[in-house]
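Notes follow the structure.
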Amino acid sequence: MSELLSVLQETADPRPERLAKILGCSPQDVESELEELRKNKTLLGWMPLLNPMHCNSDQVRAVIEVKISPEREGGFDRMALRISKFEEVESCYLMSGGYDLLVFVTGKNLKSVASFISERLATIQGVLSTATHFLLRPYKDHGQLLCEESGFQEKPSVSP
Amino acid sequence: MGNYYVKNPDFRKNHLLVPNSVMNPETFIADHVKGLPRSGIRDFFAIVSEMPQAISLGIGEPDFVTPWKIREASIFALEQGKTSYTDNRGLLSLRKEISRYCSSFFGPEYNPVSEILVTVGVSEAIDIALRSILNPGDKVLYHEPCYVSYAPSVTLAFGEAIPVPTSPRQEFSLDPEAFEKAWQPGCKVLLLNFPTNPTGGTADRAKLERLAKFAQEKDLVVISDEIYAELTYEGDHVSIASLPGMKERTLLLHGFSKGFAMTGFRIGFGCGPDWLIEAMMKIHQYCMMCAPILSQEAAIEALRNGTDDVLHMRDQYHKRRDFVVRRFNEIGLNCHLPRGSFYAFPSIECTGLNETDFSHRLLREHEVAVVPGTAFGDHGVDHVRASFSTSYDKLVEATDRMEKFVTSLDLDNNESKAV
């Protein structure tokens, strides 16, 4: 991983001037490396990491285990891509084990997620079965703990 | 009675005249403790603690929380009801892990039964080692600037601490010649700490070999505090205990606080010749009994499965070090490259302020805390210690504020000259 990517994952401030200061190069150097990373699809974009517990949203998330039929040419790829293209699908992974695809789905309420699964996902030719689990409460996302930890307030600010 | 005592200072001078019900605390504190100076860090902490909004580069511990697997091992031990004393020397299973780790990381092989003692941090190990070795008046050579407890620990063991300066010109690295010059009759111990808190100075093999020869010629015991060994950024750490003929006269001290980010667990160990470990154990068993069992269980997990976490943290410190040192030099604060530990030790001489005024004004005017170099001994003059064990975002902000401060001092100086 490049130094820039490593720093990007650590700092909450991705402005090129700030990154340049940390890396000891010019903001133009940072801009051009970012451009290169975008071009070669290493850097796909920026996304705020939100805590759903604080977002005041009624969105419903579900994890669906999907069994599909592999195809003679392309294996699981065509079906996986087809499923991934639905805007309800947050992410989609090919898995080893008892099912083929693990699909994360988001909807504005229970009814919309249920309708997506029963009417659109399960009816695709080649989808053999689905098993749906609704997410109840998140505890950790993208390496971040989402539950408030009390922290340690008495840690000394100067020590030997 | 109390009022009479307070209102009459002359009466206070002679405690024998104080009525029976009034104590004169002064007479109950041992002379060698009374004479002990307070740590400069403690005074500075009192000021910083009133400013919770300040960015502190004054923290002498990792900003990482102890890796979860290590914390979890301690919780598991508690759930299992492991709440008892242990063997005075520490759990044998821990001593076996320590022996294995020392062999692979430091080099020497230590017998877990007779050559290893688990202590409550390295600080306890230093204390009981000095008390085991020193007779009143025996002398201890130690390098300065150094960790705040070395000279006081020698004093508390009724020894005489002889500081040996390390030089900014040599990046505060080990200087065997300075030790040779400082030697005098009555010297019994060499006390070393490489990588060094607060300078980040290290000791290369050639210099350690020369120092080892000196220790053998003068028949000195070496106490080597290598608590920052894992946090070495240039080359490999070399322990003086690994050099020929040195294991027999070296007490290697190490612990989990820095590399494994376990400061609050208070767990460390000493490895050395059985005669010294046995003597230390005598004091340890009476004053401490044993290190806390939950910390010992955590330490076992750290040594078995925590070394990848250490490498991850070291890599983070390494990057932050490069950033901080570059920024200090850009600002005009001449800063050598600390080859180990997580401290930068820039010179503030160019500002025209002494290290105490610099630190106090930086804190009051720009809300950044660094520690005056003289908190680590007189040879820390004209320097401050800045810990880079904190996030990039804080380091960027802190160094930006320091730049503003130094620039404002330049302006002040120029205006004074113009006037």
Percent antiparallel among DSSP beta bridges (both partners in chain B, rounded to 5):
40
Using θ = phi - 60° and the Karplus relation 6.51 cos²θ - 1.76 cosθ + 1.60, list the HN-Hα couplings for the stretch A:36-48 in order, rounded to whole Hz, with x at every Gly or Pro.
5, 5, 5, 4, 8, 6, 6, 9, 8, x, 10, 9, x
GNM top mover of A:ILE64, A:ILE22, A:ILE83 - chain A, alpha-carbon springs below 10 Å:
A:ILE22
Checked chain B against the a/c 1.5 cut and the a/b vs b/c comparison, axes a ≥ b ≥ c from its Cα gyration tensor; verdict rounded
For the stretch B:192-197, in order, what is each residue's ³J(HN,Hα) by Karplus, 6.51 cos²θ - 1.76 cosθ + 1.60 with θ = phi - 60°, in whole Hz (x at glycine and Pro)?
10, 8, 10, x, 9, 8
Beta bridges per DSSP with both ends in the protein assembly as shown, % antiparallel, nearest 5:
65
If B:TRP275, B:TRP183, A:TRP46 are placed from fewest to most neighbouring beta carbons inside 10 Å, the sequence is A:TRP46, B:TRP275, B:TRP183
What ranking of B:ASP412, B:ASP63 emerges when the number of other C-beta atoms within 10 Å of each C-beta is taken as an exposure proxy, fewest first?
B:ASP412, B:ASP63
When the Cα centres of the stretch B:192-242 and the stretch A:2-48 are compared, how far apart do they sit, in Å?
39
GNM of chain A, Cα pairs under 10 angstrom: of A:VAL127, A:VAL66, A:VAL30, the biggest fluctuation goes to A:VAL30
Prolate/oblate/rounded call for the stretch B:326-393, Cα gyration tensor, a/c under 1.5 rounded
rounded
Under the rule rounded for a/c under 1.5, else prolate if a/b exceeds b/c, else oblate, using alpha carbon gyration tensor axes a ≥ b ≥ c, chain A is classed as oblate
Fewest to most neighbouring Cβ within 10 Å: what's the order for B:MET281, A:MET47, B:MET289?
A:MET47, B:MET289, B:MET281
Based solely on its DSSP helices, what 222 nm [θ] is calculated for the protein assembly as shown when runs of n ≥ 4 H residues each add -39,500 (n - 2.57) and the sum is averaged over all residues, nearest 500 deg cm²/dmol?
-11500 deg cm²/dmol
Relative counts (whole %) of C-alpha pair distances in the protein assembly as shown, using bins that are 10 Å wide
3, 14, 20, 21, 17, 12, 7, 3, 1, 0, 0
If you take each beta carbon of peptide B:51-57 and count the beta carbons of other chains within 10 angstrom, what is the mean?
2
Quick check on packing: order A:102-108, B:29-35, B:107-113, B:54-60 by the mean number of other C-beta atoms within 10 Å, highest mean leading.
B:54-60, A:102-108, B:107-113, B:29-35
Euclidean distance between Cα centres, the stretch B:349-388 to the stretch B:97-137, Å:
34
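Only the coordinates and a few stated rules stand behind these numbers; no lab work does. Just so it is clear, the structure is predicted and the values come from calculations on it, not from any experiment. Cβ sites come from the backbone with ideal geometry, for glycine too, and all protein chains shown count toward neighbours.
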